[in-house]
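The values are calculated or read from the model by the stated rules, or taken from the named source; none is laboratory data. Note that the structure is a prediction, hence the values are computed from the model and not measured. Here the Cβ positions follow ideal geometry from the backbone for every residue, glycine too, while neighbour counts run over all protein chains shown.
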Amino acid sequence: MAELKPVYDPIGQHHAIPGGLKQYEEMYKESIDPSTRDEFWRKQSAQFIDWIRPYDRVSTGGFAVGDHAWFVGGQLNVSACCLDRHLATKADKTAILWEADEPGQSKKLSYLEVFHGTCRVANALKLHGCRKGDFVTIYMPMMPDTAMAMLACTRIGCPHSVVFAGFTATSLKDRIVDSQSKWVCTADVGKRGSKTIKLKEITDAAVNDCPNVERVFVFKRTGEHGVPYHARDVHMDLVVPKMRPYCHAEAMGSEETMFTLYTSGSTGKPKGVAHSYAGYLLFAAMTTKYSFDLRDDDVFACVADVGWITGHSYIVYGPLCNGATTVMFESVPTYPDPGRYWQMVATHKISVFYTAPTAIRALMAYGDEPVKKHDRSSLRILGTVGEPINPEAWRWYFQVVGDSKCAIADTYWQTETGGHVMTPLPGVTPMKPGSCCLPFFGVEPKVLDAQSGQEVAWSKGQRADGVLALAKPWPSACRTVWGDHERYMATYLDCYKPYYFTGDGCTKDEDGYYWITGRVDDVLNTSGHRIGTAEVESALVAHPAVAQAATIGYPHDIKGQGICCYLELTKGITESPELLKELKGAVRSAIGPFATPDLLIPVAGLPKTRSGKIMRRILRKVAAAEEDQLGDVTTLADPSVVPLLIAKVKQAQ
Ligand code: WT7
């Protein structure tokens, strides 16, 4: 933990919480107190959800067996809450502002246009046989059609499974198979930083191994790339304009599955985290409104990708349910130059800007000039998400990007939480650089001792260190792992019963502020991407030259964590630069370019206990150049491997 001082005073006044910290505390209490919480959530849901059928109970069940449910008995349609609801007053307001890869090529779509477009896509899906309850996999770039494809799914009651368009064909195939999708949406190509990604080709490679897929709906991004079409393909640029711009909005039960999103854990294959309609939508919408003090004239830019949960909650569903103008950014922060974000802020008068610490650190390296040459006077709120932000990056974001005039929202959450679970509220919460500050409404954090599972005692003026659990279900707590509730229980709910376990380490400081210290499980967070060490290892051992592999994260200036893989090579194989390059390529093509190892270190032997368990703690310390803090190494089967390891790592770094 970095520092307690200085504490930055709240900036401005939160228009929905004008009474500041005192009002937040009252609202927070109301949101968790058993005698008032139902009324709190009833009032909130009335603001954001148009019920088709009213619900019978606000919440039931809990974390003991994972039967937590919200707004039980109610029916709603998410696309209607995001679009139809606003048509009477905001038909002409810009809903989606698309900033294309090439600067200057932006496009604005009004609420009416997005409504019509969504209905047309929904009708095209139906025309080809897609029915309520069918899973639809979406593998698409950052273009408005992607948001409309997602909204079309929710309109006709099809759970979507969006797969980030940086994943390889194998990863896409695994996800299509796991969700048993018969329908896949893709685009001819994607554009990023002037590069062309041949999405249709990758989709074909994946779908050729998926006999269950009936149709591939192909949207047009550029139309330049002559992609071969198959009988199963639907040319959406030809079909969509023929469709009727109205489509019935299915009445969906609050607790039916709205979407799954695959995410990495410490073991096995990525799992399909499942969210349900009402609770997810409410929490995405509420957090967008409160965490960013959203106002009607805001231009809201979350520069994540819709392939991750951040894009689901804060590009599509949260902003649209609020009737806001949401920016979709197709490019990368350094294209064509490192001033791209700020040029975009100036052009579109962006008022809320939301990015990740890794992007902030990467841009910091170019100095202040690319920021300062663009007009950022429209900015009011700056958000960050994805990993702990180091105070230095926080201060640069605050002082240079925000001219010390914008509130910073360091939002802590996960794919599984659906929306922010801890964050300062602009104009309300005094900010400490590097701390995600205080819990959001309905969220009850507990700092637990990792071994005993007991809550670590805390009182004002004291610190508590441990692992972070959340005590009671909030509306958007994920409901299950798709097709495997046992795995859901084992991963999240059985570890520290009856709490939800986040997998993160945490400190609660003298003022009751929370500081996330990073994952305590075998999950890496590299440039805000979450990668399971097991996934990287299985890609490596699939290569005949590798006998065993152990992957760990180590501190990296830009990425937060770099990926370091220790390798025991197969007997008779000698290491060479060519082999290491090939192995990097093997991981790239098995998972995706973002999972490319930073360091590959062949070693004579991995440090193992007598029972054969790899001691990752030692590998982490060595990679972090903290070999003076190795701790007890006497339990190793062969302690002599340690000095060899250290020598090898020094050589590689
Ligand atoms: C993990 C979740 C939630 C959207 C992006 C990533 C880390 C996320 C913060 C933050 C400290 C953070 C945690 C968490 N994390 N935001 N503000 N401060 N750590 O979603 O891929 O599900 O990853 O990201 O370690 O567990 P995800």
Next on the checklist: Suppose we filter segment 436-478 for residues that are among the charged types (D, E, K, R) and touching a helix residue (DSSP H, G or I) at 6+ places or on another chain (Cβ under 8 Å); how many remain?
Outcome noted: 2
Next on the checklist: With the requirement that a residue be assigned to a strand (DSSP E or B), within 27 Å of THR358 (Cα to Cα) and more than 12 Å from the ligand (Cβ to nearest atom), what does segment 481-510 give you?
Outcome noted: LYS508
Item to check | Candidates SER378, SER435, filtered to the one that is away from the ligand (no atom under 13 Å from the Cβ) and polar (S, T, N, Q) | outcome: SER378
Checklist entry - Out of all the residues in segment 272-287, is one or more touching a His at 6+ places or on another chain (Cβ under 6 Å) and outside any strand (DSSP E or B)? => result yes
Item to check | Criterion: surrounded by fewer than 19 Cβ atoms within 10 Å (Cβ to Cβ) and at pLDDT below 95 - qualifying residue of PRO544, PRO498 | outcome: PRO544
Checklist entry - Among the residues of segment 326-339, is any under 17 Å from GLY402 (Cβ atoms), within 23 Å of the chain's Cα centre (by Cα), in a loop (DSSP other than H, G, I, E, B) and not β-branched (Val, Ile, Thr)? => result yes
Checklist outcome for this item: Note on GLY339: of the conditions (1) crowded, with 24+ Cβ neighbours inside 10 Å; (2) more than 30 Å from ALA550 (Cβ to Cβ); (3) of a type outside the set (A, V, I, L, M), unmet is (1)
Checklist entry - So, in segment 361-386, of the ones that are over 24 Å from TYR513 (Cβ atoms) and in contact (Cβ under 8 Å) with a residue 40 or more places away in the chain, which residue ends up surrounded by the fewest Cβ atoms within 10 Å (Cβ to Cβ)? => result ALA365
Next on the checklist: I'd like to verify a number: residues in segment 556-606 that are of a type in the set (A, V, I, L, M, F, W, C), surrounded by 19 or more Cβ atoms within 10 Å (Cβ to Cβ) and either in contact with a Phe, Trp or Tyr (Cβ under 6 Å, 6 or more places away or on another chain) or part of a loop (DSSP other than H, G, I, E, B) (or both), how many?
Outcome noted: 5
Item to check | Options SER264, SER254: the member that is surrounded by 19 or more Cβ atoms within 10 Å (Cβ to Cβ) and modelled with pLDDT under 95 | outcome: SER264
Next on the checklist: On the basis of being touching a residue at least 60 places away in the same chain (Cβ under 8 Å), surrounded by fewer than 20 Cβ atoms within 10 Å (Cβ to Cβ) and of a type in the set (Ser, Thr, Tyr), does TYR55 make the cut?
Outcome noted: no
Checklist outcome for this item: If we ask which residues in segment 387-431 are surrounded by fewer than 24 Cβ atoms within 10 Å (Cβ to Cβ), within 13 Å of the ligand (Cβ to nearest atom), in a loop (DSSP other than H, G, I, E, B) and at pLDDT 95 or above, their number turns out to be 1
Checklist entry - What pairs can you find where one residue is in segment 68-91 and closer than 19 Å to CYS478 by Cβ, the other is acidic (Asp, Glu) and at pLDDT 95 or above, and their Cβ atoms are less than 7 Å apart, with a gap of 6+ or different chains? => result ALA69/GLU255; VAL72/ASP56; VAL72/GLU255; LEU76/ASP50
Item to check | Only listed residue being free of Cβ contacts under 8 Å to residues at least 24 places away in the same chain, outside any loop (DSSP other than H, G, I, E, B) and not β-branched (Val, Ile, Thr), chosen from ASP237, ASP204 | outcome: ASP237
Checklist entry - Got a sec? Which of SER378, SER351 is in contact with an Asp or Glu (Cβ under 8 Å, 6 or more places away or on another chain), closer than 22 Å to LYS289 by Cα, at pLDDT 95 or above and not aromatic (Phe, Trp, Tyr)? => result SER351
Checklist entry - Is one or more of the residues making up segment 452-467 within 12 Å of the ligand (Cβ to nearest atom), touching a residue at least 12 places away in the same chain (Cβ under 8 Å), assigned to a loop (DSSP other than H, G, I, E, B) and within 25 Å of the chain's Cα centre (by Cα)? => result no
Checklist outcome for this item: Over segment 288-315, the set of residues within 14 Å of the ligand (Cβ to nearest atom) and assigned to a helix (DSSP H, G or I) is THR288, SER291, ILE309, THR310, GLY311, HIS312, SER313, TYR314, ILE315
Checklist entry - Consider LEU583 against the criteria (1) over 30 Å from ILE202 (Cβ atoms); (2) at pLDDT 90 or above: it satisfies all of them except one. Which criterion is unmet? => result (1)
Checklist entry - Does segment 604-612 contain any residue that is within 17 Å of ALA534 (Cβ to Cβ) and of a type in the set (A, V, I, L, M, F, W, C)? => result yes
Item to check | Among (1) closer than 13 Å to ALA550 by Cβ; (2) in contact with a Pro (Cβ under 9 Å, 6 or more places away or on another chain); (3) hydrophobic (A, V, I, L, M, F, W, C) - the single one VAL649 does not satisfy | outcome: (2)
Checklist outcome for this item: For segment 621-635 the number of residues that are surrounded by fewer than 17 Cβ atoms within 10 Å (Cβ to Cβ) and closer than 19 Å to LEU567 by Cβ is 1
Checklist entry - Any chance segment 543-563 includes a residue that's closer than 24 Å to VAL163 by Cα, within 13 Å of the ligand (Cβ to nearest atom) and aliphatic (A, V, I, L, M)? => result no
Checklist entry - Restricting attention to segment 147-167, does a residue exist that is among the basic types (Lys, Arg) and without any contact (Cβ under 8 Å) to a residue 60 or more places away in the chain? => result no
Item to check | Residues being assigned to a loop (DSSP other than H, G, I, E, B) and over 18 Å from HIS420 (Cβ atoms) - total across segment 372-386 | outcome: 7
Next on the checklist: Step by step: first the residues of segment 511-522, then only those that are surrounded by fewer than 20 Cβ atoms within 10 Å (Cβ to Cβ) and within 11 Å of the ligand (Cβ to nearest atom), then the one that is farthest from TYR412 (Cα to Cα). Which residue is that?
Outcome noted: ASP521
Checklist outcome for this item: Of the conditions (1) surrounded by 13 or more Cβ atoms within 10 Å (Cβ to Cβ); (2) modelled with pLDDT of 95 or more; (3) out of contact with any Phe, Trp or Tyr (no Cβ under 8 Å at 6 or more places or on another chain); (4) of a type in the set (Gly, Ala, Ser), the single one that ALA88 does not satisfy is (1)
Next on the checklist: Restricting to segment 346-371, count the residues that are outside any helix (DSSP H, G or I), charged (D, E, K, R) and over 15 Å from ASP403 (Cα atoms).
Outcome noted: 1
Checklist entry - Across segment 512-536, which residue is modelled with the highest pLDDT among those that are of a type in the set (Ser, Thr, Tyr) and part of a strand (DSSP E or B)? => result TYR514
Checklist entry - Within segment 175-201, how many residues are of a type outside the set (A, V, I, L, M, F, W, C), farther than 11 Å from ASP101 by Cβ and assigned to a strand (DSSP E or B)? => result 1
